[in-house]
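What follows is a short report on a single structure.
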Amino acid sequence: MSATGIGAPVRRKEDHRFITGKGQYTDDINRPGQTYAVFVRSPHAHANIKRIDASKLKGRDDVFVFTGEDIAKDKVGGLICGWMIHSKDGSPMKAGPHPALAQGKVRYVGDHVAVVIADTLAEARDAAEQILVEYEVLTASVDTATTQNPGKPQIHAEAPNNTVYQWHLGDKAAVDAAFASAKHVTKIDLVNNRLIPNAMEPRAAIGEYDAGNEAFTLHTTSQNPHVARLVLSAFIGIAPEHKLRVIAPDVGGGFGSKIFIYAEEVVCVWAAKKVGRPVKWTADRTEAFLADAHGRDHVTHAELAMDAAGKVLALRASTKANLGGYLSTFSSSVPTYLYAPLLSGQYDIPAIYCEVDAVYTNTAPVDAYRGAGRPEATFVVERLMEVAARQLGQDPAEFRRRNFITSFPHQTPVIMAYDAGDYAACLDKALEMSDYRNVGARKAESKAKGKLRGIGFSAYIEACGIAPSAAVGSLGAGVGLWESAEVRVNPTGSIEVLTGSHSHGQGHETTFAQLVSQRLGVPIEQVTVVHGDTDKVQFGMGTYGSRSGAVGMSAIYRAIDKVIVKAKKVAGFVLEVPEDTVDFNDGIFSSKATNKTLTFPEVALQAYIAHKFSGQQLEPGLKEGAFFDPTNFTFPSGVHICEIEIDPETGATRIDRWTAVDDFGTLVNPMIVEGQVHGGIAQGVGQAMLEGAVYSPEGQLLTASYMDYTMPRASDLPAFNVAMTSTPCPSNPLGIKGCGEAGAIAAPAAVINAITDALGHENIAMPATPLAVWKAAQASATKMAAE
Amino acid sequence: MFFKSRKDDRPAAAGGSPGSSTAPGRASVHMTVNGKTVSGEIDPRTLLVQFLREQLRLTGTHVGCDTSQCGACVVHVDGRAIKSCTTLAATCDGATVTTIEGLAQGGELHPMQEAFRQHHGLQCGFCTPGMIMAAVDIVNRKGGNVSEAVIREELDGNICRCTGYHNIVAAVRAGAAAMSGASRRQAAE
């Protein structure tokens, strides 16, 4: 391993601009003549718009106001949901329209009613306050569990009973038979709490129109600028694809919430032409709370069937998934194909059946958020396994071990074919690191202090590296999920790598350069990674689902293969030896037919000056591209162990230690991988203990600022004890599995399993706030007194 | 809006005192930002962060929440860390302001910047300027031998969504030690 190659903890190339304040995020960009947009948003969860009165702004030639009527007049298409799900009866999902500006009706607090555009932000805000909107307020339906009930307000005429689809996966008859023969059945009811993503950079967009070239530019906070361009062009119809440039510059975190194509982006691009000047919009934090796509929000009943010895026979789950007031870009896929296929966990479960009702409510749209479906699945599986072990009186670690899948490949009953893993290796290492054997003594010590100590496991699996295009196409995806790369070698031997992935914190500028540096033997400083601009980079699919290593880097790998093949040809001509005798190692071209050698930059120069070969023999230049379509998902896995101590008098719950052992296959940069694990755990702990979106029964978002929505802070979290094992992934050339979501997937179950272990009962929901824990601890005390 | 560099830097009163040339409804501010004197005529409701970002184009200071909760906007005013998203620029008239852009001296990174890079204390980079400015302030107040527990407590006003704080805490510890080492070296010289 070289100091900058695969596996080295290289310090990040991108950091210098961030630590010196020279990053360039969308809101840092101002365009000449720019105007500012402010959105008039619905204060009601469900209402008919009777009248929009902008007469107070009459005669103001410095203010533009546009409403849904203008959008309709210009035939601007609605926002789309790009994944078709069919119900179990074969009917397609029932989706209502999703206009960029409301057409007569609003469906959640924060829904877009009008846009006001003025010379300055302050003027636009002042003008927005002059607009009077008269609403006919309707009763709202906000509760996931009951929104399908008879008599509930109907949110979209197209979706009777507020039901988008009733989907299922698995063999129901086989599962029913297994349950009928089971010696023991464990049943649980779970709520997977609704979360608000809260990337620290609020969303922003700048639309621009160049009348001379009849071309648009959109600067936006996006994880996938090409997908944004495709949707804005092909579906929303604002501009032809080749006349729309989408630039996602530095992006301050995404976590899924910046995958989607939002109304504000549509409006800024469209309005730029109408206004004749660039239009900039930047969300304030409350707008982010109201109108960014939220995450999770499942209500689930699940059961596990076991034989007398505790071998799992079958699992079944029934879930209601809240998709909010409209279907966001990929929302339909999250509680279906990103969820139910993960319900086998790390376990050999012969039969699984899952049914999912996706429902509309008068709340913000819900879509993928870090983990997307997989945290929900892991929470179901790992709560079931923990509760089952307790009910059977078995050690939770050994109960899991007894049910682990031990040979690969392993076909689960729910689509997935796991290709590689060693689940016992992760468990053993985690048990050792967490000093599990002495947890009894630590519990006794805590008890002596009047505290309650608990330990919780989470043995998770996730499906990453999305995904084989044909496979996802057969499941309803509207796009392919390959990735693209181009490796451009310059005449001096420096290199630009153009990737369809997008980095918004993951460190691609470093890790992708490590790959190039290692394979072409050039110093890492000679490699620049280019991403996030549709005018510079070939079409690509972007970054989400922990796919950029497994899929994005694989495309670069394949492009490098082609560069090497071509460079060897060039070297053959220059060295005057047959090309098949040319070797390339550590940046040096050599041949057994000569004792002359060439460096990589020397060959690069020869490729461009083309003096040693004719155009008939070889094309000049050294630039190659590749599209990589994976053959399978990747299956990162691991064991996280959380140990907590509760003060039953106050409910204060302190995480005493956190052990994480993950198998991500090949690690490109272990420093960055560990950072991804840390951040994921923090978000998972946030879900388990702190965070939760709360809507009032009327549909008002009660958690719409950092004063109401509890973000994890430094003092809420411990230092994390993180380690890795490795079984390389066989379905991509580097053996990478992906690491971006693991912590957020593993953590919630580990925390709740620890808290319920301490409490001695299972009755606590996420977020387990101090108040919730205190109440639950009182119940424990009552229970103990009664016994 | 105008900018000029002034050698003899006497701040003028905000809001325009009688006899000054400030236009009605405008406030005039003068401050020293990253060692340079700047002045401007502003809408009195202009926030310090807006003045820095929009007028001075110092976009390293970020707005993450508008409610003083997240700390992406932390800058130093007269040597103390403050949240520039809820500070009126006019109230900083006459003040000395340091932003993330002013931390590195003579092309050399500040020890705290270097520590964040070395310890992978940042991912997306959006909270980072505020984190680093807050961290320098912690060391200024608490000294170089600051414990993990104190750092976690003191970072209460800064939210990071990417790192889980693990590496930020490591970076602040290392940066604190490096800062006190540097100041000891300076004292010895």
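A few points about this structure:
- Taking every residue in the stretch A:653-679 that is under 22 Å from A:A420 (Cα atoms) and pairing it with any residue that is of a type in the set (F, W, Y), at least 6 positions away or on another chain, the pairs with Cβ-Cβ distances below 8 Å are A:A660/A:F720; A:V673/A:F664; A:V677/A:F720.
- Condition check for A:Y339: touching a strand residue (DSSP E or B) at 6+ places or on another chain (Cβ under 6 Å) and hydroxyl-bearing (S, T, Y): no
- When A:H531 is tested against the conditions (1) closer than 30 Å to A:P409 by Cβ; (2) under 28 Å from the mean Cα position of the chain (by Cα), the lone failure is (1).
- Residue count for the stretch B:58-110, restricted to those that are among the charged types (D, E, K, R) and closer than 20 Å to B:M179 by Cα: 4
- Strands (runs of 3 or more DSSP E) within the stretch A:100-197 that include 3 or more residues more than 27 Å from A:S87 (Cα to Cα): A:112-118, A:132-137, A:184-192
- Of note, B:C124 does not satisfy the criterion of being in contact (Cβ under 8 Å) with a residue 40 or more places away in the chain and of a type outside the set (S, T, Y).
- Test: residue in the stretch A:285-302 that is among the hydroxyl-bearing types (S, T, Y) and more than 29 Å from A:Y418 (Cβ to Cβ): yes
- Qualifying residues in the stretch B:50-85 (those that are aliphatic (A, V, I, L, M), within 11 Å of chain A (Cβ to nearest Cβ) and not in a loop (DSSP other than H, G, I, E, B)) - the one surrounded by the most Cβ atoms within 10 Å (Cβ to Cβ): B:V75
- The strands (runs of 3 or more DSSP E) found entirely in the stretch A:1-81 that carry 1 or more residues being touching a residue at least 24 places away in the same chain (Cβ under 8 Å), within 14 Å of chain B (Cβ to nearest Cβ) and surrounded by 14 or more Cβ atoms within 10 Å (Cβ to Cβ) are A:35-41.
- The stretch A:683-721 - residue that is touching a His at 6+ places or on another chain (Cβ under 7 Å) and among the small types (G, A, S) and, of those, nearest to the other protein chains (Cβ to nearest Cβ): A:A719
- Residue count for the stretch B:120-166 under the criterion of being surrounded by fewer than 24 Cβ atoms within 10 Å (Cβ to Cβ), within 10 Å of another protein chain (Cβ to nearest Cβ), small (G, A, S) and closer than 17 Å to B:A177 by Cβ: the result is 1.
- Residue among B:L58, B:L88, B:L47 that alone is hydrophobic (A, V, I, L, M, F, W, C), closer than 21 Å to A:H16 by Cα, at pLDDT 95 or above and in contact with a helix residue (DSSP H, G or I) (Cβ under 8 Å, 6 or more places away or on another chain): B:L58
- Only a single criterion out of (1) in contact (Cβ under 8 Å) with a residue 24 or more places away in the chain; (2) in contact with a Ser or Thr (Cβ under 6 Å, 6 or more places away or on another chain) is not satisfied by A:K152, namely (1).
The values are calculated or read from the model by the stated rules, or taken from the named source; none is laboratory data. These figures come from a predicted structure and were not determined experimentally. With ideal geometry, Cβ positions are generated from the backbone for all residues, glycine too; neighbour counts draw on all protein chains shown.
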